[in-house]
């Protein structure tokens with residue numbers, strides 16, 4: 001990891017670049033919400049780290065501590081096409097048991113068109129490839145049955161370059177995730193792993209409706225770009241969690257993951273290099289379990305720091 005990080009910084013210091021925002025997935029956009037804008041010949045590199053610690057997580061008396069690194073790249077060979085590739089390395093402490101997985105891949109292709117000046121509408125399709133895991137967190141190659149897919153509609157409007165000349169860029173994402181992560185663990189182990197352990201390994205097993213809205217305020221004169229996001233994903237149940245607690249067999253919109261994320265992007269002396277700092281604050285309502293009282297659905301705060309770099 002140290003060698004890769006050194007190489008990454010060296011690339012940043014010796015390349016000609018242009019400013020841009022880069023998401024977790026390497027696509028142009030804010031941290032969690034890809035933008036519909038595409039710049040031909042543009043390329044992005046993203047390296048983000050998230051950390052959270054939460055007691056009473058998906059179970060009374062339970063505790064989850066999670067540290068995840070996201071790395072991704074993207075390239076736009078055409079003015080209406082952008083492709084991306086990302087990977088994940090995650091380490092979690094679940095009730096003093098360590099769970100670790102790495103090598104999950106996210107492959108994306110985004111197409112868009114400018115329908116009005118400074119307004120672009122597009123679509124993003126992704127394939128999510130997951131490495132095999134067990135309830136002890138061991139990896140064993142990819143599990144094709146667990147592969148997930150997303151399809152999203154994107155819309156973006158840049159007011160800073162419009163006749164309004166106001167420093168604001170707005171992005172919208174509405175999508176759907178076909179989730180097959182329940183296949184990551186053997187069926188005979190499915191009842192043995194508690195919901196908090198499945199959450200730590202990214203296992204839910206429900207198709208989800210996705211929504212994301214982000215607003216950025218580019219202020220290059222002051223070397224900063226404040227931003228705020230709202231993101232959510234919804235299904236009427238937590239299928240794999242319900243195997244050990246029937247409380248998860250029917251849930252409301254507010255009992256699904258839902259975050260508001262304030263943050264700030266910092267311009268650096270290296271043109272095209274930005275540093276991001278943000279915190280994802282959960283808006284989700286606690287879920288009342290059959291036993292043990294209410295439990296948190298998501299960590300109440302997820303801290304985010306990262307680097308992004310864009311060049312042509």
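No value in this document is a laboratory result; all are computed from the given coordinates. Since we're looking at a predicted model, the values are computed, not measured. Every residue, glycine among them, receives a Cβ derived from its backbone with ideal geometry; neighbour counts consider all protein chains shown.
Each of 145, 183 was scored by other Cβ atoms within 10 Å of its Cβ. Arranged with the fewest first, they read 145, 183.
Highest mean first, the peptides 23-32, 298-307 sorted by other C-beta atoms within 10 Å per residue fall in the order 23-32, 298-307. From most to least packed by mean Cβ count within 10 Å, the peptides 65-74, 243-252 give 65-74, 243-252. Panel order for 253, 311, by other beta carbons found within 10 Å of each beta carbon, from fewest to most: 253, 311. Calculated mean residue ellipticity at 222 nm for the chain: -1500 deg cm²/dmol, from DSSP H runs with n ≥ 4 weighted as -39500 (n - 2.57), summed, divided by the residue count and rounded to 500. Taking the square roots of five times each eigenvalue of the Cα gyration tensor of the chain, the equivalent ellipsoid has semi-axes of 34, 21, 19 Å, listed largest first.
A protection proxy built from the mean count of other Cβ atoms within 10 Å ranks the segments 112-122, 196-206, most packed first, as 196-206, 112-122.
Computed from Cα positions, the angle between helix 2-13 and the longest principal axis of the chain comes to roughly 20 degrees.
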